[in-house]
1. Out of all the residues in region 35-80, which are among the β-branched types (Val, Ile, Thr) and within 15 Å of the chain's Cα centre (by Cα)?
2. Quick one: count up the residues across region 23-80 that are assigned to a helix (DSSP H, G or I) and either more than 21 Å from Ile11 (Cβ to Cβ) or open to solvent by 90 Å² or more (accessible area, probe 1.4 Å) (or both).
Amino acid sequence: MHNHDEEEIEIQADYVRQRLLRKTEKDPTSLMKNIYDEVLEKNQGIVPEYKSVKSSLYRARKKKVPDLPTTVQGVHIRGK
């Protein structure tokens, strides 16, 4: 019985992690903590701690937002 409870907790936590990742990919310009707080508010169950999902959220964001140029030559202005 105890093992079943642990599995249920992990399933719920995975569900919340996936929601966090989807929300981050959908709105990559939002602050990570704000996304976490919003999903936390809607999922009042088992929620992973922010510090345990923070790096995953930043990786998901990086897939959607291009890196900033590091040189002037890397800046391209459209229409010019």
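The values are calculated or read from the model by the stated rules, or taken from the named source; none is laboratory data. Given the structure is predicted, the values throughout are model-derived calculations rather than measurements. Every residue, glycine among them, receives a Cβ derived from its backbone with ideal geometry; neighbour counts consider all protein chains shown. Side chains included, ligands, DNA and RNA excluded: accessible areas come from the protein's heavy atoms. Shrake-Rupley method; radii C 1.70, N 1.55, O 1.52, S 1.80 Å.
1. In the first step, residues of region 35-80 are kept if they are among the β-branched types (Val, Ile, Thr); the result is 35, 39, 46-47, 53, 65, 70-72, 75, 77.
Correct list: Ile35, Val39, Val47, Val53, Val65.
2. Total satisfying the criteria: 22.
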